[in-house]
1. Write down the Å³ per residue value for the convex hull defined by the alpha carbon atoms of the range 313-472.
2. For every helix of n ≥ 4 consecutive DSSP H residues, a contribution of -39,500 (n - 2.57) applies; sum these over the chain, divide by its total residues, and give [θ] at 222 nm rounded to the nearest 500 deg cm²/dmol.
3. Tell me whether the range 63-188 comes out rounded, prolate or oblate; compute the Cα gyration tensor, take square roots of the eigenvalues as a ≥ b ≥ c, and use a/c under 1.5 as the rounded threshold.
4. Which whole-number percent is the relative contact order of the chain (Cα, under 8 Å, 6+ apart)?
5. Please state the relative contact order of the range 200-358 as a whole percent: Cα pairs under 8 Å, 6+ residues apart?
6. Report the equivalent ellipsoid semi-axes for the chain in whole Å, largest first, defined as the square roots of five times the eigenvalues of the gyration tensor built from alpha carbon atoms.
7. Find how many whole Å separate the alpha carbon centroid of the range 222-287 from the alpha carbon centroid of the range 103-142.
8. Suppose we keep just the DSSP beta bridges with both residues in the chain; what percent of those would be antiparallel, to 5?
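Taken together, the values in this text are just the output of simple stated rules run on the coordinates, not laboratory data. Predicted model, so just to flag it, every value in this text is computed and none were measured. All Cβ positions, even for glycine, are placed from backbone atoms using ideal geometry, and neighbour counts span all protein chains on display.
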Ligand code: NDP
Ligand code: BG6
């Protein structure tokens, strides 16, 4: 099987924050990969824009280094010829998002007839001013679209403000709010598995599903982003966006078609059907130092911080499909392993013809998001051999790398797909303004709850599965988390 690459239309892209960490690690290497795949043609202009004084050659050297380290991290060697061709497409403008410096030059080099994307890879306080300046310099026309990085606000009020500011200069169909989880291969596979197969959908409801667990576990800590993270925490950084998006894709009704508004309408209905979280529905944690590795306080250099690096919660969706089926979600840093999955745990068979000795057996459909993408269906079979009828659970395992072959299982990074979707004008994998606001409304209430109660986070050991109380969250319902395992 060989995946097809359809070239996108010619475009120009300006990356505000083109010298920053995200541009260096993700955006520029993603563009290079798409160029190598033949999806971007040579007549494209990619302009880095930031305050640092640099000429186009200086930027090309910066990008060459970025590509080399990204390719090496993936175990690949950059191809010298294609890299040289790619670098020819680059330019750089010294610009200030808050001042007038550089804007005339950017404007003069603009090819108005082109599809033009402006990527806001800068701190959120610059999103509004950038949109305003694009408008003032005549660049916010119908050919323009903006890509807005996360975080999109830090609560409902700030997200609404930002939506209002952006809407002053751009139509909703020109605004691409990034949630890179939506660009991950397996996350899209969620929709393929659900809506491309007859097998699962009839069982996809509270009559057959006991509960659903979503885990996004990270092994690393806050790294170099301590300043941002300490003001955000796991609820704002991961739960409000990535995990809620996964929840929506798992729980939504089938959209009439795979089109941006049809999909986003269904996701929005899920968020709006979520019950408010009660005090006993949320567990927050913060990692402590262990085995020579720093604790959260040391990493963010704030000994008094009460920000959570872990959150687990029990969500309920009040609609016909899901009433009575809880959704348990957890995410955290410095956990046992980097392992993310969604597990759909089906109910017990209504009656066991094998008697009590056969034990309790359940079918579990596991969608593994990372690091080893695939799906696994746990089925119950007879234990081989003579003797009595003893039952065991075995996985029907489909690791995509094995099923598809190494070439097709070399999935593009989420940013590769998302940037190409921006150029294609496809917003299906981007969050709509009302969706972001609804997600904030739900998480805000929980955050307000623990702030009013003055509850500090519990601590957990680095390399563990999080605080013990997170286990209790499920145990008290007679359920347990699956092991965090890659
Ligand atoms: P960095 O701090 O590494 O980079 C910021 C960039 O903005 C630099 O290029 C900087 O260059 C530029 N910049 C700063 N001030 C101005 C200004 N006044 N005018 C124009 N450019 C300016 O940030 P990141 O790359 O880490 O993050 C960028 C965005 O992406 C943020 O919104 C972040 O939340 C988001 N994000 C980042 C992730 C990551 O892993 N890094 C992951 C997910 C989201 P200069 O100082 O020369 O102007
Ligand atoms: C980012 C968060 O959005 O996602 C980070 O800000 C987190 O804190 C990252 O580490 C996780 O992304 P991935 O793709 O590595 O699972």
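1. Values: hull volume 35.0 nm³, N = 160.
In the range 313-472, the Cα convex hull volume per residue is 219 Å³.
2. Numbers: 15 runs with 153 residues, N = 486.
Mean residue ellipticity at 222 nm (helix-derived): -9500 deg cm²/dmol.
3. Details: a/c = 2.02, a/b = 1.30, b/c = 1.56.
Since a/c reaches 1.5 but b/c is at least a/b, the shape of the range 63-188 is classed as oblate.
4. On the way: 865 pairs, mean separation 86.0, N = 486.
18 percent.
5. Working: 243 pairs, mean separation 68.6, N = 159.
It comes to 43 percent, rounded to a whole number.
6. Numbers: eigenvalues 329, 137, 101 Å².
Over the Cα atoms of the chain, the ellipsoid semi-axes are 41, 26, 22 Å.
7. 30
8. Numbers: 41 of 76 bridges.
Counting only bridges with both partners in the chain, antiparallel ones make up about 55 percent.
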